[in-house]
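So the structure is just underneath, and the comments pick up after that.
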Amino acid sequence: MNASDDHYIIKKTDNLIEACYYIKKNGHDPLWRDHSSLNTSLPFLLTQLFVVLFVDRILLLILKYLRQPPIVAHILCGVLLGPTMLSRTSFSRKYIFPHKTILVLETFGNLALTYYMFLVGLEMEFTLIMHAGSQVVSIAAAGIIFPLLFGFGLYFMAVTKSDHFDSRGSMFWAIALTATNFPDLTKILADLKLLRTNIGKIAMCSAVISDIFTWFLLIMAISIFNGQKYNAVLSTGIFILISIFALRPTVAWLIDRTSRGEIISDTHVWFIMVGILLCGLVTDACGSHSIVGAFMFGAILPHDDTVRTKILERLQDVVTGLLMPLFFLICGLRSDLRYMFENTPWEMVLIVVVMSWVAKVASVFFVSLHYKMSTMDGLVLGLLMNTKGVLALIVLNTGRNIKVLSSFSSPIVFGLVRGRGECSIESNEKVSR
């Protein structure tokens, strides 16, 4: 279908919207400028940033009293501002989220994601893997294998009969179900005072293993479906090995030789921020994603308290508080839950959400019982391992970028990720009491 408005010539198909925009001058001169500010991207970006931060902060204040983690507010903010509600209106499409500004918005959202994944790598404790026993490995394996199989089955059950079916999308559904978001899990454990308990330690160790395997599957899927076969996997693997065995000792040596005792200067922070972009550029050139390089750079940095504290002081608030809401906004703009419910029986949506939620909880629960854990501890561990967050959204957005997930199939899993995150935190709080 072809359409047009004051600024666009739009061509719509089932899975794609092509918008060609042009500048239309009406003869009205602004007071101080020689052209209308609505013809440039910066005023729109500032407007979008203001709107998303304002709505996000309000939701954070409201959901804080309901004892929900921040990730719930971020995702809900994206949904409310997306085509599910606000951006469906003509005013929003013209003055807040016009098509011509989406590319700029996505660029800043991906930049925020790159720095965020660096912080995730910086905070992730890989030493936990070295002390992982058979119990941790078994729990992590169960939390990967069974959700992976369920993801394939649920995709073919829910999407096969639609006009948007693409068998390659099942891979991304399956990968999204295997993820356990380590940063959000540690925050939940800290809030529930379970961080130093046996359940907390098992959950963190299993989450690290689960996330690493999820990254591996995602890199494999990107390389195969981009037509690069195993070239991206091989080149990214070489980069990871170089980072671990060459770049890591080099960076540690440079920081040790140039720092004044235990003081990390602003120059160190500046070089680290540049290193994030450089590593992201390398992995992007390898055929995977820039966030892989940023994550690895954070993982190889010295994890002593001085370096970590200095970097977190400079980047944490800016990345998580200012930039990351743009990424969640992009997720919301790509997910039309109203369209999903209009074209999908509610029974099917309910089945997909419940079954995908049960897959990881039940698999971890039964393996925990095998290792003589109590019923209550096994249930708590299953709920903790079912924590979802940014990593699952990265998988779904990657599927949309490759065009193996459509506007029909992606929102089902998007709503599924939100529902499981809320259920896990609520259930664990009840147990802790």
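The values are calculated or read from the model by the stated rules, or taken from the named source; none is laboratory data. No experiment lies behind these values; they were computed from the predicted model shown. For neighbour counting, all protein chains shown are included, and Cβ atoms are generated from backbone atoms with ideal geometry for every residue, glycine included. The accessibility values were calculated without ligands, DNA or RNA, using every heavy atom of the protein model including side chains. Shrake-Rupley method; radii C 1.70, N 1.55, O 1.52, S 1.80 Å.
A few comments on the model shown:
- Placing a pseudo-label 7 Å from each Cα along the Cα-to-Cβ vector at PHE152 and TYR339 gives an inter-label distance of 2.9 nm.
- Heavy-atom accessible surface of the range 149-229: percent carbon and sulfur, 1.4 Å: 63
- Couplings 3J(HN,Hα) for the range 300-308, derived from phi with the Karplus relation 6.51 cos²θ - 1.76 cosθ + 1.60 (θ = phi - 60°), are 8, 5, x, 9, 6, 4, 5, 5, 5 Hz, where x marks Gly and Pro.
- Extended-chain gain in nm, criterion 0.36 nm per residue less alpha-carbon gap, MET85 and THR250: 54.4 nm
- Violating pairs (Cα-Cα greater than 32 angstrom) within the set LYS193/LYS403; LYS94/LYS403; LYS64/LYS360; LYS100/LYS187: LYS193/LYS403; LYS100/LYS187
- Using C-alpha pairs below 8 Å separated by at least 6 residues, the relative contact order for the range 101-417 is 34 percent.
- Annotation: per residue accessible area for the range 101-417 equals 43 Å², rounded to a whole number [probe 1.4 Å, protein chains only].
- THR127 paired with LEU241, simple spin-label distance in nm, labels 7 Å along Cα-to-beta-carbon: 2.7
- Within the range 177-195: backbone nitrogen closer than 16 Å to the SER374 label point (7 Å, Cα to C-beta): 194
- Low-density loop positions, trypsin sites (Lys or Arg not before Pro), the range 115-210 - DSSP coil, at most 10 other Cβ in 10 Å: LYS161, LYS193, ARG196
- As a calculated quantity, the FRET efficiency between THR309 and SER167 at R0 = 51 Å, using C-beta atoms, amounts to about 0.60.
- The range 206-218 - phi-based ³J(HN,Hα) in whole Hz, Karplus 6.51/-1.76/1.60, Gly and Pro as x: 5, 5, 4, 4, 4, 5, 4, 5, 4, 4, 4, 5, 5
- Inter-probe distance in nm under a simple model that places probes 7 Å from Cα toward Cβ, at ARG57 and LEU234: 5.2
- Taking the square roots of 5 times each eigenvalue of the Cα gyration tensor of the range 101-417, largest first, gives ellipsoid semi-axes of 32, 25, 18 Å.
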